[in-house]
Each structure stands twice: as C-alpha cells, then as structure tokens.
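Undergrad: Sharing a structure below in structure tokens format, with a few things to ask.
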Amino acid sequence: MGFTFRAKSTLRPWAHEGFSLIHSPTTLPDGTPGEPEEFVIVWEDQPARYEERAWAVRALWQAHSELERPFLEGILYWKLSSHDYHLDDEYFMVHVGEGTNDPILPELRRFLASAE
C-alpha cells in the first residue's frame, strides 16, 4: 500500500505525475442521484498534503478494527526510508528517521500495536 503526499492522493493513490480525469457521482440533498461531476487533476500542480494519506490509513484502521473478525493480517507500506534525499523522487515515501513528523506514522503504528 502507498499514497503519495499530494492533495487528493486518496482518489488515485498511485498517481504522482501526469493527470487523472475524475468522474464523480453526486447525490442531491433529498438522496436522489444528481448529475455526475467530472474534473481533471494535474498531479504535479497538487500541493503537499501529508494529512490526507494519514486520514486514509486511519480509515483503513477503523474499518479493520470494527469488524468482528479482522480482515488484515498486516500491511506493507511502500516506501519507508530514513534518508531525506529520497523525498525528492519518491512521492510515496514516509520518512521514518529522526526529526520526522509525518502524520501517517501514528496511524501506521496502530497496526503494529495490534500485532503485538
């Protein structure tokens, strides 16, 4: 599993360059389907938003922990590194070295704690 650090990464976790055409269904306030929305995301133009991938991992943890029988035996996160120089070309990287404050780390630690 991996998410880039860019905004909207939860829509296309693998995307970090180029563009994506998003076709999104909408629902009106009364619950009936509305006209779908379409928009283009240019990935290089998206600002860094590290919180978004942390939210995605938190949602995965919540789904996992709320089931009577957990559906995950573990996860493999692509890519963990303790080297800052990887940040320049590894859009999925989570820095795990000294001084990091990436908000995804506490969310990933939930899975470690549950395995102990």
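Undergrad: Counting other Cβ atoms within 10 Å, keep those with at most 15, restrict to DSSP loop, and tell me which GluC sites (Glu not before Pro) in the range 35-84 are left.
TA: Sites meeting the loop and neighbour criteria: E68, E73.
Undergrad: Can you compute the modelled spin-label distance between T100 and L76, with each label point 7 Å from Cα toward Cβ, in nm?
TA: Reported label-point gap for T100 and L76 is 1.8 nm.
Undergrad: Rounded to the nearest 0.05, what FRET efficiency is calculated for D84 and R110 with R0 set to 22 Å and r the Cβ-Cβ distance?
TA: With R0 = 22 Å, the Cβ-Cβ based efficiency is 0.30.
Undergrad: Can you give the net charge of the other residues whose Cβ lies under 13 Å from the Cβ of I104, counting K and R as +1 and D and E as -1?
TA: Counting the neighbours of I104, the net charge comes to +2.
Undergrad: In whole angstrom, and with the biggest value first, how far do the Cα coordinates of the chain range along each principal axis?
TA: Principal-axis extents of the chain (Cα, largest first): 47, 41, 19 Å.
Undergrad: Still on this model: When the helix-only estimate is applied to the chain (DSSP H runs of n ≥ 4, each -39,500 (n - 2.57), divided by the residue count), what is the mean residue ellipticity at 222 nm, nearest 500 deg cm²/dmol?
TA: Mean residue ellipticity at 222 nm (helix-derived): -8000 deg cm²/dmol.
Undergrad: Going toward the positive end of the dipole of the chain, with +1 on Lys and Arg Cβ and -1 on Asp and Glu Cβ, which of N101, I41, Y85 do you reach last?
TA: The Cα lying farthest towards the positive end belongs to N101.
Undergrad: How do 28-34, 104-110, 53-59 rank on mean C-beta neighbours within 10 Å, highest first?
TA: Numbers: 28-34: 7.7, 104-110: 16.0, 53-59: 18.3.
Packing proxy ranking, top to bottom: 53-59, 104-110, 28-34.
Readers should treat all values here as calculations from the given coordinates under stated rules, not as data from a laboratory. All of these numbers come straight from a predicted model, not from anything done at the bench. When we count neighbours, we look across all protein chains shown, and the Cβ atoms used for this are built from the backbone with ideal geometry, even at glycine.
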